[in-house]
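This report concerns only the one structure given below.
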Amino acid sequence: MKTTQYLGEILKELSRTVDLISDEEAEKLVDKILESKKIFVAGAGRSGFMAKSFAMRMMHMGLDAYVIGETVTPNYEKEDLLIIGSGSGETKSLVSMAEKAKKIGGSIAAATIFPESTIGQLADITVKLPGSPKDQSDNDYKTIQPMGSLFEQTLLLFYDAIILRVMEKKGLDSNTMFGRHANLE
């Protein structure tokens, strides 16, 4: 297959994911983002990169959004929201983080393939995203892509859709958000 044919197949896979995500779960996350004092995001590996891009867009909207592990990340409190993107929902460092957030008393949201996972069970809001686990031998959603690629791509697009919905609810547009874009680069 040619590279562009692979791209076409990837886009078909992503297109099929849309109908598998709950609008109700997504709206709960949007509402929780809007009512939270600070929003923290976390993920490991490629899911972590998706979380960073999500935090960046929330910052562009004027929300207090932070990436766990960065040196400028403040403390997590009861009025805050922690959003964890984890395909398996079992990544040890993220489980530990969710447990600590639960003890502090803030809200937790999980975007995961497995809502029944440890992180999914700790979360107040769980959004089930389609994708296949890294080990595709136990796979409900077939993909030509390696490892967790489909989940990670779906996570990025889901986060971008959440941004659009929050923009809509806040009455923001791209022009407004450009005012908060980095200007020392």
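The values are calculated or read from the model by the stated rules, or taken from the named source; none is laboratory data. All figures in this text were calculated on a predicted structure; none of them were measured in a lab. Cβ atoms come from the backbone with ideal geometry, glycine included; neighbour counts cover every protein chain shown.
Annotations
Every residue, every condition in (1) surrounded by 15 or more Cβ atoms within 10 Å (Cβ to Cβ); (2) closer than 19 Å to THR154 by Cα; (3) in contact (Cβ under 8 Å) with a residue 24 or more places away in the chain, yes or no:
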residue: SER86; (1), (2), (3): yes, yes, yes
residue: GLU99; (1), (2), (3): no, no, no
residue: ILE104; (1), (2), (3): no, no, yes
residue: ILE108; (1), (2), (3): yes, no, yes
residue: THR118; (1), (2), (3): yes, no, yes
residue: LEU122; (1), (2), (3): yes, no, yes
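- Taken over the range 2-36, the residue count meeting the criterion of being touching a Gly at 6+ places or on another chain (Cβ under 9 Å) and free of Cβ contacts under 8 Å to residues at least 60 places away in the same chain is 0.
- Candidate set: the range 25-64, residues that are among the aromatic types (Phe, Trp, Tyr) and touching a Phe, Trp or Tyr at 6+ places or on another chain (Cβ under 6 Å); chosen: the one nearest to ALA109 (Cα to Cα): PHE40
- Residue in the range 133-147 that is part of a helix (DSSP H, G or I) and modelled with pLDDT under 95 present: no
- In the range 55-95, the residues that are more than 24 Å from PRO130 (Cβ to Cβ) and of a type in the set (Asp, Glu): ASP64, GLU70, GLU77, GLU79, ASP80
- When residues of the range 108-132 are limited to those that are among the small types (Gly, Ala, Ser) and at pLDDT below 95, the one nearest to GLU27 (Cα to Cα): GLY131
- Residue tally, condition among the charged types (D, E, K, R), closer than 13 Å to HIS60 by Cα and without any contact (Cβ under 8 Å) to a residue 60 or more places away in the chain, over the range 143-176: 1
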